[in-house]
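All remarks here apply to the structure that follows.
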Amino acid sequence: MYNLRYHVASLVAVFLALTVGLVLGTVVAERGTLEGQSSTLVADLQKQFAQIQKDNADLRSGLERDRTFAEDVVPALTAGSLDGKTIVVLVNSGRSNGLSAAAKAIETAGGTAIVLTQESAGMGLDETIPEELPALLGGSFVGEAAPASDAFKDAVAEAVATELRRTGDRPVLDVLLKSGAISSDARSDFAGVDGCVLMTAFGGQPDDLAARVAGALGVHGATIVGAEATSQVTGVAAESVDRGFSALDNVDTPQGSFSLVWLLAGRASGYFGVGPGADAVYPAVTAGG
């Protein structure tokens, strides 16, 4: 009896040992498989990441080559397009986004850029009206006090546009310059302007009085282009289109420089750039220019 019990216990112990061994073996095998799969997955991800890094580096290099090519080609394409033309650039104080690019594009194309900088929204006419200004505008405006009426603002815009389009004395502009409402980088004896680049905005909003000046210039035959830079959305491009002007929203790029000159030269019209309402990134170039 003792021997039978001993054998039964031994057999049970053997089977238990086998069971435990099988379980442990399975766990170890599965763990080894999982570790192998994990190692393979990590290796694959590392390969993919390395490929993505290479693709990004190739893309950056390609984009840099494209930009360099555009910067080299645009001056050649636009050379002479604005020969003999004077273009006024209307901007607000503190404007740096796109201004230098616009002026450079004009000058490179053979034109002369005149920058008129508005020091405050609406030329400050809602706060202060320069003493001499109402008399220069004449009629019912004599004695006009701030805030300026819409009719007074229209009269100012018309007077400024008329003076910008001609040579000679510019009394209204002189008063606005003297009062500090605007400032200029040019002497007062510049030639009458042929075109206008509208960029004026305050607080992220297009300036209404500057747009009125641009509109009056357009009525007097000047070519009007609303412009803003990709680095700062001001709404000037979209509002310019609403007012019937051509516009671009990427003036700080080679494509924008090309578009600006093409629009000012009358070789294209419309809205160009990268905004949702743009007709194209830049105007089409046809054989013969």
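Summarising the label geometry, the points placed 7 Å from Cα in the beta-carbon direction at D185 and K54 lie 4.7 nm from one another. Here the residues E132, E127, ranked from fewest to most Cβ neighbours within 10 Å of their Cβ, fall in the order E127, E132.
When every alpha-carbon pair in the stretch 82-272 is counted, what percent end up more than 30 Å apart? Counting pairs separated by more than 30 Å, the tail of P(r) holds 14 percent.
Average projection, convex hull of the Cα set of the stretch 158-213: 4.1 square nanometres.
Any chance you could run the full-extension gain for S149 through A76? It's 0.36 nm times the residue separation minus the Cα-Cα distance, nm to one decimal. Intermediate values should be presented prior to the final figure.
Numbers: separation 73, 0.36 × 73 = 26.28 nm, distance 4.71 nm.
Extra length from S149 to A76 when fully extended: 21.6 nm.
Listing K47, K85 from fewest to most neighbouring C-beta atoms within 10 Å gives K47, K85. The ranking of F272, F202, F245, F152 from fewest to most other beta carbons within 10 Å of each one's beta carbon is F202, F152, F245, F272.
Based on the convex hull around the alpha carbon atoms, the stretch 180-289 presents an average projected area of 7.9 nm².
Across all C-alpha atoms in the stretch 229-281, the radius of gyration and Dmax reach 9.8, 27 Å.
Readers should treat all values here as calculations from the given coordinates under stated rules, not as data from a laboratory. On a predicted model such as this, the values are computed, not experimentally measured, just so you know. Cβ sites come from the backbone with ideal geometry, for glycine too, and all protein chains shown count toward neighbours.
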